[in-house]
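**Student:** Quick one: the structure is below, and I'll ask about it shortly.
The values are calculated or read from the model by the stated rules, or taken from the named source; none is laboratory data. None of these values were measured; they are calculated from a predicted model. For neighbour counting, all protein chains shown are included, and Cβ atoms are generated from backbone atoms with ideal geometry for every residue, glycine included.
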Amino acid sequence: MSIIDKIFNYSEDYRYKTWKIFGIKFSVVKKYNSKKINIYEEIKKHDIISFDIFDTLLIRPYIKPTDLFLHIEKLYKIKGFHKNRIMAEKLARGKYIDYEDITLNQIYEEIDDKYKLFKEIEIELEERILTIHKENKEIYDYALSLGKKIIIVSDMYLPKEVIEKILIKNNYTNYYKLYLSSDLMLTKASANLYKYIINDLRVKPSTIMHLGDNYHSDFENARLYGIDAFFIEKIIDIFLKSNIRAEKLLHKDKNNIGVSIMFGLSALSCFNKNDKNKENNYRRNFGFIYGGPAVFSYMNWLKKQIIKENIKEVLFVARDGYSLKKVFDIIKPEYIKTHYIYAPRIIYYLIALDFKYYNLGDSVKSVLEYYKDKDESKL
């Protein structure tokens, strides 16, 4: 080491710029830029890898977490549940102000009696709709492959046994410990949960690396206690930033669960897969954002009309009806039978003629009768 290096030394990592002058160290926190960090390389440098759960390991197909309550309201036609569920949580947090977090039971203590039975339904729907964040699952599995100790940390009111069940269902296993705010009554939001974890594990904070989607709770607060932190932006936020039309539509119709699910699923499709082929991505994304919602809406309308008219069988004509039949078969009642048939285009034109002066049923029947005994190879 040269004399200059002994007097003045400069170093930096992704967190700090550090100057050392005459043995005295000065550090400045760098502006965070996740794009410049190789997370896999950083994992190699740490003994313990910590993961947030919601929007990090697991994702809901909604714009906002509270849209789950709106989904329940629409599914069960229980007017006012969305609003009451949000208010009940607010009341519970006010009532248990001496604690850093609350439980689902405490929330439902504050809700109107007619909504209390929906506690189990809320748990069931959470279990059904939560899905893997594929990119972060790869990171999780990579850390396990290196023999790193995995811990999972979440600010969440759901019971611990429910969270454990959901993690297992989505193949998040072999972790060392789950730290849950509703179990410990300490939160990442206050940073006290990080202090608890460091003491519980009896390790130096610098040996832990935490990954999460909340800039304040998962990134800034973890760093307050000397834990290395990595901020992972929410998939839905990335999607809305890259899709101005979607964001505009969302602002116009904030409480439409259909819009929320449509964009939630679109975000999952666009940013939660490993297909690097741009052409495939374009076609797939176009289908999710535009084609899928349009076809589903059309088939859902058709289903309602068919049920209303008490129709038992539906014909889908090749080739235009191929995709429509696939969607309709998913949403139709079991008693409705569907068939995929081949027919010449002249039938379309004949059926589309103006038969207002005739019996439409007889006209269609006559067209079908005409082709009944024809050689299919000549049609």
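**Student:** Across the range 155-182, what is the total count of residues that are acidic (Asp, Glu), touching a residue at least 12 places away in the same chain (Cβ under 8 Å) and surrounded by fewer than 17 Cβ atoms within 10 Å (Cβ to Cβ)? Full working, then the answer.
**Tutor:** First, the residues of the range 155-182 that are acidic (Asp, Glu): 155, 161, 164.
If we keep only those that are touching a residue at least 12 places away in the same chain (Cβ under 8 Å) as well, we get 155, 164.
Applying the additional criterion that residues be surrounded by fewer than 17 Cβ atoms within 10 Å (Cβ to Cβ) yields 164.
Number of matching residues: 1.
**Student:** Take the residues in the range 288-301 that are in contact with a Leu (Cβ under 8 Å, 6 or more places away or on another chain) and hydrophobic (A, V, I, L, M, F, W, C), then tell me which one is nearest to THR338 (Cα to Cα).
**Tutor:** The extreme case among them is MET299.
**Student:** Looking only at the range 165-182, which residues are touching a helix residue (DSSP H, G or I) at 6+ places or on another chain (Cβ under 8 Å) and among the β-branched types (Val, Ile, Thr)?
**Tutor:** Across the range 165-182, the qualifying residues are ILE166, THR173.
**Student:** Now for a different question. When you check ILE238 against the structure, is it of a type in the set (A, V, I, L, M) and within 24 Å of GLU41 (Cβ to Cβ), yes or no? Give the steps one after another, and end with the answer.
**Tutor:** On the way: of a type in the set (A, V, I, L, M): yes; within 24 Å of GLU41 (Cβ to Cβ): yes.
Against the criterion (of a type in the set (A, V, I, L, M) and within 24 Å of GLU41 (Cβ to Cβ)), ILE238 qualifies.
**Student:** Looking at the range 321-338 only, could you name the residues that are among the charged types (D, E, K, R) and in a loop (DSSP other than H, G, I, E, B)?
**Tutor:** Listed by number, the residues that qualify are LYS332, GLU334.
**Student:** Taking the range 239-254, which residues are in contact (Cβ under 8 Å) with a residue 12 or more places away in the chain and basic (Lys, Arg)?
**Tutor:** Correct list: empty.
**Student:** Among residues belonging to the range 223-241 that are under 24 Å from the mean Cα position of the chain (by Cα) and farther than 16 Å from HIS133 by Cβ, point out the one that is surrounded by the most Cβ atoms within 10 Å (Cβ to Cβ).
**Tutor:** Filtering the range 223-241 for residues that are under 24 Å from the mean Cα position of the chain (by Cα) and farther than 16 Å from HIS133 by Cβ, the one surrounded by the most Cβ atoms within 10 Å (Cβ to Cβ) comes out as ALA229.
**Student:** Let me spell it out: the conditions are (1) surrounded by fewer than 19 Cβ atoms within 10 Å (Cβ to Cβ); (2) touching a strand residue (DSSP E or B) at 6+ places or on another chain (Cβ under 8 Å), and LEU211 meets all of them except one. Which number is the exception?
**Tutor:** Tallying (1) surrounded by fewer than 19 Cβ atoms within 10 Å (Cβ to Cβ); (2) touching a strand residue (DSSP E or B) at 6+ places or on another chain (Cβ under 8 Å), LEU211 fails exactly one: (1).
**Student:** In the range 92-107, which residue that is part of a loop (DSSP other than H, G, I, E, B) and among the aliphatic types (A, V, I, L, M) is farthest from PHE118 (Cα to Cα)?
**Tutor:** ILE97
**Student:** Give me the residue from the range 203-255 that is in a helix (DSSP H, G or I) and among the acidic types (Asp, Glu) and, out of that set, modelled with the highest pLDDT.
**Tutor:** ASP218
**Student:** A further question follows. Kindly list, by first and then second residue, each pair from a residue in the range 289-316 that is polar (S, T, N, Q) to a residue that is part of a helix (DSSP H, G or I), limited to pairs with Cβ atoms under 7 Å and residues at least 6 apart or on different chains.
**Tutor:** Here the result reads ASN300/ILE331, each pair linking the range 289-316 to a residue that is part of a helix (DSSP H, G or I).
To keep it simple, each residue is scored yes or no on (1) of a type outside the set (A, V, I, L, M); (2) out of contact with any Ser or Thr (no Cβ under 6 Å at 6 or more places or on another chain); (3) under 22 Å from GLY292 (Cβ atoms).
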residue: ASP200; (1), (2), (3): yes, yes, no
residue: ALA229; (1), (2), (3): no, yes, no
residue: SER242; (1), (2), (3): yes, yes, yes
residue: VAL259; (1), (2), (3): no, yes, yes
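**Student:** Collect the residues in the range 303-320 that are modelled with pLDDT of 90 or more and part of a loop (DSSP other than H, G, I, E, B), keeping them in residue-number order.
**Tutor:** Listed by number, the residues that qualify are GLU309, ASN310, ILE311, LYS312.
**Student:** Can I ask one more? Go over the candidates LEU58, LEU91 one by one and state the one that is of a type outside the set (D, E, K, R), modelled with pLDDT of 95 or more and out of contact with any Leu (no Cβ under 8 Å at 6 or more places or on another chain). Spell out the reasoning first.
**Tutor:** Working: LEU58 fails: out of contact with any Leu (no Cβ under 8 Å at 6 or more places or on another chain).
It is LEU91.
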